[in-house]
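Structure first, commentary second.
The values are calculated or read from the model by the stated rules, or taken from the named source; none is laboratory data. Note that this is a predicted model, so its numbers are computed, not measured. Every residue, glycine among them, receives a Cβ derived from its backbone with ideal geometry; neighbour counts consider all protein chains shown. Heavy atoms of the whole protein, side chains included, go into the accessibility calculation; ligands, DNA and RNA do not. Shrake-Rupley method; radii C 1.70, N 1.55, O 1.52, S 1.80 Å.
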Amino acid sequence: QVQLVESGGGLVQAGGSLRLSCAASSSRSISSINAMGWYRQAPGNQRELVASITSGGSTNYVNSVKGRFTISRDNTKNTVYLQMNSLKPEDTDVYYCRGWGVGVFGKEYEYWGQGTQVTVSS
């Protein structure tokens, strides 16, 4: 089983920046995972996909973060990042890292991290 460990969350003022990291356990290289992404969830709300990156490097963002957030991956460090700039109070959430895809025998897989809190004060 692959473990994903997020870090980098915290408290920041509006307009500030944070960089989240998602480190995968050495049992599997993130380059072999079809896609990695960052989700966020506030209490009582559904988990929302914020940004994703495929093994080929293609990225996708929810409209509300386009131009402010950047997802990237460093295969040598087995880590995925989410650079968050120009943060707004509405970005306050727990952020989760997820890896997912379809294995060799057609079996779907997914891995989740434990989440990291991001709080943006006005």
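Quick one: which residues, 5 or more positions from Asn34 or on another chain, have an amide H under 5 Å from its amide H? H modelled 1.01 Å from N in the peptide plane, none for Pro or chain starts.
Under 5 Å from the amide H of Asn34 lie the amide H atoms of Trp100, Val102, each far enough along the sequence or on another chain.
Quick query: amide H of Thr92 versus all other amide H atoms, modeled in the peptide plane; which residues come in under 5 Å with a sequence gap of 5 or more or a different chain?
Val120
Output wanted: per-residue J couplings in Hz (rounded whole) for segment 100-115, from phi through Karplus 6.51 cos²θ - 1.76 cosθ + 1.60, θ = phi - 60°, x for Gly and Pro.
8, x, 10, x, 4, 9, x, 8, 6, 9, 7, 10, 10, x, 8, x
At 1.4 Å probe radius, can you tell me the per residue accessible area of the chain in Å²? Can you show the working numbers first?
Values: 6450 Å² over 122 residues.
Value returned for the chain: 53 Å² of accessible area per residue.
Largest first and in whole Å, what are the equivalent-ellipsoid semi-axes of segment 19-122 based on the Cα gyration tensor, each being the root of 5 times an eigenvalue? Please list the in-between numbers first.
Working: eigenvalues 116, 41, 31 Å².
Ellipsoid half-lengths, sorted descending, are 24, 14, 13 Å.
Whole-Hz ³J(HN,Hα) for each residue in segment 48-62, computed from phi via Karplus 6.51 cos²θ - 1.76 cosθ + 1.60 with θ = phi - 60°, x for glycine and proline: what do you get?
10, 6, 8, 7, 9, 9, 8, 4, x, x, 6, 10, 8, 9, 6
Could you derive backbone 3J(HN,Hα) for segment 20-33 from the dihedral phi with the Karplus parameters 6.51, -1.76 and 1.60 (θ = phi - 60°), listing whole Hz in sequence and x where the residue is Gly or Pro?
Each residue of segment 20-33 in turn: 8, 10, 10, 9, 8, 5, 5, 5, 8, 7, 5, 5, 8, 8 Hz.
Skipping prolines and chain starts, which residues have an amide H placed within reach, meaning under 5 Å, of the one on Arg73, given they are 5 or more residues away or on another chain?
Placed amide hydrogens put Tyr81 under 5 Å from Arg73.
Considering only protein heavy atoms and a 1.4 Å probe, what is the carbon-and-sulfur percentage of the accessible area of segment 16-90?
Whole-percent figure for carbon plus sulfur exposure: 44.
Where in the chain is the longest stretch that carries no trypsin sites (Lys or Arg not before Pro) classed as loop by DSSP and with at most 14 other Cβ atoms within 10 Å? Intermediate results must be reported in sequence, preceding the final value.
Working: sites that count: Lys66, Lys77, Lys107.
The segment 1-65 is the longest one with no such site.
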